[in-house]
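Q: Below: one structure in structure tokens.
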Amino acid sequence: MDDSQPSIPSSPTRQRFLRGQPLGIFVLLGVSVFLFWLGSLAFVCHRLNVPHLEQHRLQTIAQVGEAMAITSVLFSGLGFVALIATVWLQRRQIEAAIQGMEESTKAQQENIETLRAQSENTLAVAKISALAVRISAYTSEILQAGIMDPVKKIRLEEERKLLVEELDTERRKLKEKSA
């Protein structure tokens, strides 16, 4: 026997998310930010290698700080954009989950209606069967009473007639439901 657990198929929502463009855009954006950071760092390092007088060294270091500040602002802005994109993607996923639950609820309600109709039909068939058995029992009693007690025979025939009418009514109801 194989003790490994069966793999759980991915949900359609997850497949649509991974297949869509937003993930590729975020990866491309992340790579471009990293390359921009490397470029700004290379630019600043190149500027430091230029021979300057000692008094201008503080100015050069200040320029490095300013160059890195631009990168820091860029990262902050991209972080904010990523936060907004994450909230937007989560909202889409929640909407898809809600839609799936609504479809599931609708299917369950249809299932309940089908089961209710089936149980009503089963009850009607059981009632018809019971009436048929009672009619058969009355027929047997009528045959026995016909020989010994004619008054009882008449009473039994009237009760049997009522049962036959009830049986016909139930059969008509069942036909109307199935039509």
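Q: Check whether at least one residue in segment 103-121 is closer than 30 Å to Leu162 by Cβ and of a type in the set (Gly, Ala, Ser), and report yes or no.
A: Within segment 103-121, one or more residues are closer than 30 Å to Leu162 by Cβ and of a type in the set (Gly, Ala, Ser).
Q: Is at least one residue of segment 150-168 among the acidic types (Asp, Glu), at pLDDT 90 or above and either surrounded by 11 or more Cβ atoms within 10 Å (Cβ to Cβ) or part of a helix (DSSP H, G or I) (or both)?
A: No, that holds for no residue.
Q: Consider segment 92-128. How many of its residues are closer than 30 Å to Arg172 by Cβ and small (Gly, Ala, Ser)?
A: Adding up the residues that qualify gives 4.
Q: Restricting to segment 124-149, give me the number of residues that are charged (D, E, K, R) and either over 26 Å from Lys177 (Cα atoms) or exposed (fewer than 13 other Cβ atoms within 10 Å of the Cβ) (or both).
A: Summing the residues that are charged (D, E, K, R) and either over 26 Å from Lys177 (Cα atoms) or exposed (fewer than 13 other Cβ atoms within 10 Å of the Cβ) (or both) in segment 124-149 gives 2.
Q: Continuing with the same structure: List, please: which pairs have Cβ atoms under 6 Å, are six or more places apart or on different chains, and start with a residue in segment 28-44 that is in contact (Cβ under 8 Å) with a residue 24 or more places away in the chain and end with one that is of a type in the set (A, V, I, L, M)?
A: Final answer for the pair search is Val33/Leu78; Ser40/Ala67; Val44/Val64; Val44/Ala67.
Q: Filter segment 82-119 down to the residues that are in contact (Cβ under 8 Å) with a residue 24 or more places away in the chain and more than 20 Å from the chain's Cα centre (by Cα) and list them by number.
A: Result: Ala82, Ala85, Ala117.
Q: Just to be sure before I move on: is Thr122 among the β-branched types (Val, Ile, Thr) and farther than 30 Å from Trp37 by Cα in the structure I sent?
A: Criteria met by Thr122.
The values are calculated or read from the model by the stated rules, or taken from the named source; none is laboratory data. Everything numeric here is computed off the predicted structure, so don't read it as measured data. So basically every Cβ, Gly included, is an ideal-geometry build from the backbone, and we count neighbours across all protein chains shown.
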